[in-house]
Every structure is written in structure tokens, then in C-alpha cells.
Amino acid sequence: MALFNPKTMLFFAAFLPQFLTSAGAPLPQGMMLGGLFVAIAARSDSLYALTLGTLAGRLGGTLPIGLGLLAAAGGPRGAKWSPRYRRQTASLARPVTTRLRPPRLAA
């Protein structure tokens, strides 16, 4: 929740005006929409934290250890032991067979 982050302020300044009506004052409407955004973000962040806290409590230390191992291995796409990775890098390890020939001098 980077409320005082300059990028967040720029985002609010660019995004929120399209939802303001010309019938009322823009400042209270902008404050209300910004407060609504903060309330929704706080609720979703709290839901994520409570859900992961519950999962971590039930799974013990296996969840952080498993995620750490997955990150260390590079994730499912970056595993260096995968056949796809071997096929992609096998062509890089082949020696170059073309030879550079010296230019022929005109006689």
C-alpha cells in the first residue's frame, strides 16, 4: 500500500478523473474513490495474508522450504536439468566447423 508513492499518486491522477462527475466537487469525489481503493487493497492484502498464514500453519515448514527450493531451481521453466533446456543449449556447445580462409590476392 504505497499511498504516498509518487507513482501511485500519478496513477490516481490519471485513472480516477474518468470516474468523477461534473455535478459535484472533484476533490471529495477523488478522496472517496481513493479511500475506496485503499479499503479494497487492504481487504485483499489481509485476505492473502490470512490465507497463507493458515496454510503455513497447517503445512508447517514444508511450504517455505518447498518454495525456496523451487526458487533456487529456477522455477518450473528454468530448471537446468529439463530436456528442453538441454536441447536449447546443446547447439551452443557444438564446435564451430567453418574455417576462415585468407583472402586471395589478385595476381
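Given the criterion under 30 Å from LEU16 (Cβ atoms) and either modelled with pLDDT of 75 or more or within 27 Å of the chain's Cα centre (by Cα) (or both), identify the matching residue among ALA56, ALA49, ALA72.
Values: ALA56 fails: under 30 Å from LEU16 (Cβ atoms); ALA72 fails: under 30 Å from LEU16 (Cβ atoms).
Result: ALA49 is the single residue among ALA56, ALA49, ALA72 that is under 30 Å from LEU16 (Cβ atoms) and either modelled with pLDDT of 75 or more or within 27 Å of the chain's Cα centre (by Cα) (or both).
Please go through the stretch 38-62 and give me each residue that is within 27 Å of ALA13 (Cα to Cα) and without any contact (Cβ under 8 Å) to a residue 24 or more places away in the chain, ordered by number. Outline the logic, then answer.
Filtering the stretch 38-62 down to residues within 27 Å of ALA13 (Cα to Cα) leaves 38-46.
Within the stretch 38-62, ALA39, ILE40, ARG43, SER44, SER46 meet the criteria.
Among (1) surrounded by 10 or more Cβ atoms within 10 Å (Cβ to Cβ); (2) outside any helix (DSSP H, G or I); (3) modelled with pLDDT of 75 or more; (4) not polar (S, T, N, Q), where does ALA79 come up short?
(3)
The values are calculated or read from the model by the stated rules, or taken from the named source; none is laboratory data. Fair warning: this is a prediction, and the values are worked out from it, not measured in the lab. Heads up, the Cβs are rebuilt from the backbone with ideal geometry, glycines too, and the neighbour counts pull from every protein chain shown.
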